[in-house]
Amino acid sequence: MEECLICKAPLEYLETDVLMECAICHKKENSKTRCVNGHYVCNDCHTRGLDTIIGVCLKETSKDPIAIIERMMALPFCHMHGPEHHVMVGAALLTAYKNAGGDIDLSGSLSEMMSRGRSVPGGACGFWGACGAGISSGMFVSIISKSTPLAGQPFALSHKMTAKSLERIGEIGGPRCCKRDSFLSILAAVDFVKEQFGVEMEKREVVCGYSAQNNQCIGKRCPFSKVNH
């Protein structure tokens, strides 16, 4: 089961920031996260290879964002948990939205999603009170609606989207699971976009295949657990 990318030991979360050195690139920065053996991996190193999803998405023909993100999750760069999900949720939604008839420049939208999603650090779910997967769904809506801080309706819609995703995540509770929270956010977005934008992406029943990789799996309390299907 995956925890520390260096030694596979469990992670620990500190109450305050500590100056740490990335065990891969040796960059020094403040963080609250390290493994119990002291290893720290920065967000950039944790998401190395994430750029490849743009090419994957541009070749996609599916209207199903769950199917799209599961193909991303199967790529070598993707870990059980990590900030890569803060980009992948929005990217999967943008791709399915385009394939379902949404009027966007997919290439440009994916690049924007990459930039925005990468700005949300790992651990935001616990430290910010806002899971990066849920925020990613709000970023998706802000991109397709061309929202800015000065916008009217687009501003409202992007906030409502994030709120719906975070509500579903909060209803389940912790500890965190990046796969569960990604699926919850995507399913919330499919419903929201159909209602607000009239674009109908495909929606499937999700059955999780990741529980064996997750030391903190909540079992049958998860709506995607195999025991519930």
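The values are calculated or read from the model by the stated rules, or taken from the named source; none is laboratory data. Note that the structure is predicted; figures quoted are calculated from it, not measured. Here the Cβ is made from the backbone with ideal geometry for all residues, glycine too, and neighbour counts use every protein chain on show. Areas reflect the complete protein model, heavy atoms only, side chains present, ligands, DNA and RNA absent. Shrake-Rupley method; radii C 1.70, N 1.55, O 1.52, S 1.80 Å.
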Kirkwood Rh (inverse of mean 1/r, distinct Cα pairs), the stretch 8-67, angstrom: 13.8
Could you bin all the Cα-Cα distances of the stretch 165-228 into 5 Å bins starting at 0 and give me the percent of pairs in each, rounded to whole numbers? 4, 17, 27, 22, 15, 9, 5, 1
Listed residues His81, His39 arranged by accessible area, highest first, probe 1.4 Å: His39, His81
Taking a probe of 1.4 Å and leaving out DNA, RNA and ligands, the chain shows per residue an accessible area in Å² of 47
Restricted to Cα positions, what overall size does the stretch 14-132 have along the principal axes? Three whole-Å values, descending. 47, 28, 22
With everything on Cα atoms, drop me the angle between helix 132-144 and the longest principal axis of the chain, reported from 0 to 90° to the nearest 10. 30
With every protein chain kept in the model, how would you rank Lys32, Lys179, Lys98, Lys203 by accessible area, 1.4 Å probe, largest at the top? Lys203, Lys98, Lys32, Lys179
Among Ile53, Gly209, Pro10, the residue whose Cα sits farthest towards the positive end of the charge dipole of the chain (+1 at Cβ of Lys and Arg, -1 at Cβ of Asp and Glu, taken about the Cα centre) is Gly209
Tell me the mean residue ellipticity at 222 nm calculated for the chain from its helices only (DSSP H runs of n ≥ 4, each -39500 (n - 2.57), averaged over every residue, nearest 500). -14000 deg cm²/dmol
Heavy-atom accessible area of the chain with neighbours in place, 1.4 angstrom probe: carbon+sulfur share in percent works out to 51
Accessible area of Phe197 in the full protein assembly, 1.4 Å probe (Å², nearest 10): 60
Where does each of Thr61, Thr16, Thr148 land when they are ordered by accessible area, with a 1.4 Å probe and the largest first? Thr61, Thr16, Thr148
Using a 1.4 angstrom probe and counting only protein chains, how large is the accessible area of Val36 in Å², to 10? 80
